[in-house]
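What follows is a short report on a single structure.
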Amino acid sequence: MLEYGTQIVAGMTPGKGGTSVHRVPVYDSVQEAKDAGDANASIIFVPAPFATDAAFEALDAGLKTIVIITEHIPVRDAVQVMYRAKKEGVAVIGPNTPGILTVGECKLGIMPAHVFKQGVVGLASRSGTLTYEIAAGLSARGLGQSTCIGLGGDPIVGLSFIDVLRKFERDEQTKAVALIGEIGGNFEEQAAEFIATEGYSKPVAAFVAGRTAPPGKRMGHAGAIIMGNTGTAASKIEAFKRAGVSVAEKPSDVAKLLADKLHQGF
Amino acid sequence: MRLFEYEAKQVFAKYGLPTPRGFLAKTAKEAREFASLINAPVAVKSQIPVAGRAKAGGILFVDSPAEAEKAAKQLLGSEVKGIKVLSVWVEEKIAIKKELYFSITVDRANRCYVAVASAEGGVDIEELARTSPEKIVKVLIDPVYGFRLYHARQIAKRLGYTENQMTELASIFLKHYRVAMDFDAELAEMNPLVETIDGKFMAADTRLIIDDNALFRHQEFTSRPMEEAELTPQELQAQKTGLAYVKLDGDVGIIGNGAGLVMATLDAIQLYDGRPANFLDVGGGASADMMAAALDIVLSDPNVKVVFINILGGITRCDEVANGILEAQKRVGLTKPMVIRLVGTNEEEGRRILTDAGIHVLDSMEEAAQKTVELSKSGGD
């Protein structure tokens, strides 16, 4: 993150206060860390049983953006964190996310920076490596990215596709949007409806992973599960198509679809 | 983690929820003894941790201990919904007036828990939600104030109950909510929750699914040998090594890193007309050891004809992956053809390791998927 140019002003590890890592001072509490460096965001890597605490500590310290990389946080805990974050107007990215990256400017996350190129595509995704796959495909085709956000692979996450679509709509750098969904939940269906009813102004292409996933089985991510008949890839793809969103058959098609749309001078 | 009905019932009973008197039998003889202890008509219920047992013939009603023994003999060792029955729950048969539905589950879109109830229980609730959504009562639960007694009363009333029955039902709902929260339930369900002919209520069937990510708070459930009954040898091995693995019915073994990428890989195989044999995510930052363990698992599936390894290194290093593949080769022998796609962190080193060992590496996922399917069609030799 430091290498990428992110201004990391402080670290926090209880018991390590007073030390430093890569010349960044480390503190015993988030409040001390925040006060010392005037931070406005926090990124959490601590193991799942402690991550909820870390999130609340960041909320208490008044940080306005919280990225939770940690995977395997219990749903009951995530519900509490999101409830409070929403009340206080705090953006939570994750849990179980690779983070957020504004190409060439700032990275709060663990993405391999080299796959991203500066450009006009805003990317929101529910998975990590698949995001890199698709971003690399976009970059190879000369379609760079503005900002890439991993919503997170858990059933309860802070941001939905709709939240991100709204932000991309207002973002001048972003001229087109790629949504990378997967089975489970209904964020994709909600996004499709939002795009159709709001008359979304920027072209959108989507990919949905998990066409071959059987119902009732967790496909790696805690949130990637078809419950009964909700959360299937078919339902999401169908919803996107109805809303006029181009749906890629395979990851590399996302770049093709967006290139076509942008060339049409959408 | 899906608890068995008998485990869920024991939990519910501990919280003061009314459940029918029952016993767990592992042999037909035990079933007979318990039936005579109950001394009334009983239900003999297969203990498998999935819904829809009754329809699949997994629940038998009998009138005598001798019949209970016969029913247990029939069920024990048989397969219900593809899962081997290792025990039966012998339970007092309830005289039912009406079947209701109640559950607490997670509402992902609203980021909270939700109470779901219906005056039409004993059915597939999702089916009901689709065909007659007006018959379902849903109450979103505030994460801070929780589900209160007045919420419970409102639901009871909307199910058509008044006076004592309303308050009795409300108290059941509230206790049920306590179970759901205390056990980190992804789903806590009474289906059916029955009204008996004398106007009492009883949780005739219960389901409790614990959030796997919260199991560290529920150590009492971490070792459950009976779960082995529902897992394939590959799934068991994956569980032991901490790999995310799902068995499918095709012949193309798949290993990748990252849940989304692996799902997309399965989809690509199918797009090119192949049939995935499994989902296997080695996760982020997989070591050579993890990679070797993953290959062990996939190669041990007799249906697998060809293996496709799709790695896009971020925090996963390609050289570690390459070493893992060679390690597996040494350990188990690469008995089946492999197609490897390897890009990302330390890509050159990873490629060199494999190319030196005579293993060909591709860099397009889709090209590799196509090649894999071709190999699977040619019999994999």
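Annotation: the residues B:318, A:148, sorted from fewest to most other C-beta atoms within 10 Å of their own C-beta, follow the order B:318, A:148.
Listed by chain and number, the lysines whose C-alpha is less than 21 Å from the C-alpha of residue B:336, apart from same-chain residues fewer than 8 away, are B:247, B:305, B:371, B:377.
Comparing B:130, B:275, B:217 in a Gaussian network model of chain B, where Cα atoms under 10 Å apart are tied by springs, the biggest mean-square fluctuation is seen for B:130.
Which trypsin sites (Lys or Arg not before Pro) does the stretch B:138-167 hold that lie in a coil by DSSP with at most 16 other beta carbons within 10 Å? Listed in order of number, the matching sites are B:148.
Only beta bridges with both residues in the stretch A:11-93 are counted; by DSSP, about 20 percent of them are antiparallel. Each of A:45, A:194, B:308 was scored by other Cβ atoms within 10 Å of its Cβ. Arranged with the fewest first, they read A:45, A:194, B:308.
The modelled label-to-label distance between residue B:331 and residue A:40, using points 7 Å beyond Cα along the C-beta direction, is 4.9 nm.
Of the cross-linked pairs B:26/B:70; A:87/A:107; B:45/B:84; B:45/B:93, those separated by over 21 Å at the C-alpha level are A:87/A:107. Enumerate the residues in the stretch B:275-294 having an amide nitrogen under 18 Å from the point lying 7 Å beyond the Cα of residue A:217 toward its Cβ. In the stretch B:275-294, the label zone of residue A:217 (backbone N under 18 Å from the point 7 Å along Cα→Cβ) covers B:275-283, B:294. Counting only DSSP beta bridges with both residues in chain A, the antiparallel share comes to about 25 percent. Seen from residue A:192, the other residues with C-beta closer than 14 Å to its C-beta sum to a net charge of -2, counting Lys and Arg as +1 and Asp and Glu as -1.
In plain terms, the chain from residue B:157 to residue B:217 could stretch by 18.1 nm, reckoned as 0.36 nm per residue minus the Cα-Cα distance.
Here residue B:157 is the anchor, and the lysines within straight C-alpha reach of less than 21 Å, apart from those fewer than 8 places off in the same chain, are B:97, B:98, B:135, B:138, B:175, B:200. Can you spot the lysines whose alpha carbon is less than 23 Å from residue A:261's alpha carbon? Ignore those fewer than 8 places along the same chain. Those lysines meeting the cut-off are A:117, A:167, A:175, A:202, A:236, A:241, A:250. Separation of the stretch A:86-115 and the stretch B:280-298, taken as the distance between their Cα centroids, equals 27 angstrom. Just checking the listed ones, A:122, A:11, A:158: in the Gaussian network model of chain A with Cα springs under 10 Å, the one fluctuating most is A:11. Note on residue B:93 and residue B:64: their simple-model spin labels are 1.3 nm apart, each label 7 Å out from Cα toward Cβ.
Read-outs: derived from the displayed coordinates by stated rules, not from any lab. Note that the structure is a prediction, hence the values are computed from the model and not measured. Backbone-built Cβ (ideal geometry, glycine too); neighbour counts: all protein chains shown.
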